[in-house]
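Colleague: Dropping a structure here in structure tokens format, bear with me for questions.
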């Protein structure tokens, strides 16, 4: 019994290490998003850290328009990054979880 328990603890620690490694790797995965007309471009990591924002000069003339563009494009970029993040971390977590009878967490 204790051998099984120790094996499960070992697998959990290994899974935790893989999750941390994946989080670090996701800092290097870049997500690009832009407005439909290309006037605003945003790049962020899969961990949802903004790396760059490019704004066409014509948007600087209208504060409200620029704000609208920022909200729309940032939200779309965050949504994409979140999908990548959750997919990657979910796969690593599922792969590393020990099989515990009665606890089928990932179906």
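The numbers here are math on the coordinates, done by the rules we state, and not lab data. Because the structure is a prediction, the values reported are computed rather than measured. No Cβ is skipped: glycine too gets one built from the backbone with ideal geometry, and neighbour counts run over all protein chains shown.
Colleague: May I ask for the angle, rounded to the nearest 10°, between helix 63-96 and the longest principal axis of the chain, with both axes built from Cα atoms and the value confined to 0 to 90°?
Modeller: 20
Colleague: To the nearest 10 degrees, how steep is helix 2-26 against the longest Cα principal axis of the chain, on a 0 to 90 scale?
Modeller: 20
Colleague: Between residue 72 and residue 36, how many nm apart are label points set 7 Å from Cα along the C-beta direction?
Modeller: 0.6
Colleague: Hey, another quick one. What number, rounded to the nearest 500 deg cm²/dmol, is the helix-based mean residue ellipticity at 222 nm of the chain, given -39500 (n - 2.57) per DSSP H run of at least four residues and division by all its residues? List each step's numbers first, then the result.
Modeller: Numbers: 2 runs with 59 residues, N = 107.
When only DSSP H runs of four or more count, the value is -20000 deg cm²/dmol.
Colleague: Here are labelled values, (i) 20.2, 70; (ii) 13.0, 39; (iii) 12.0, 35, and one is the computed Rg and Dmax of the Cα atoms in Å for what I pasted. Which one?
Modeller: Recomputing Rg and Dmax of the Cα atoms in Å here picks out (i).
Colleague: Kindly state, to the nearest 0.05, the FRET efficiency for residue 86 paired with residue 56, given R0 = 35 Å and r defined as their beta-carbon distance. Each step should come with its number before you reach the end.
Modeller: Numbers: r = 32 Å, r/R0 = 0.90.
Calculated value: 0.65.
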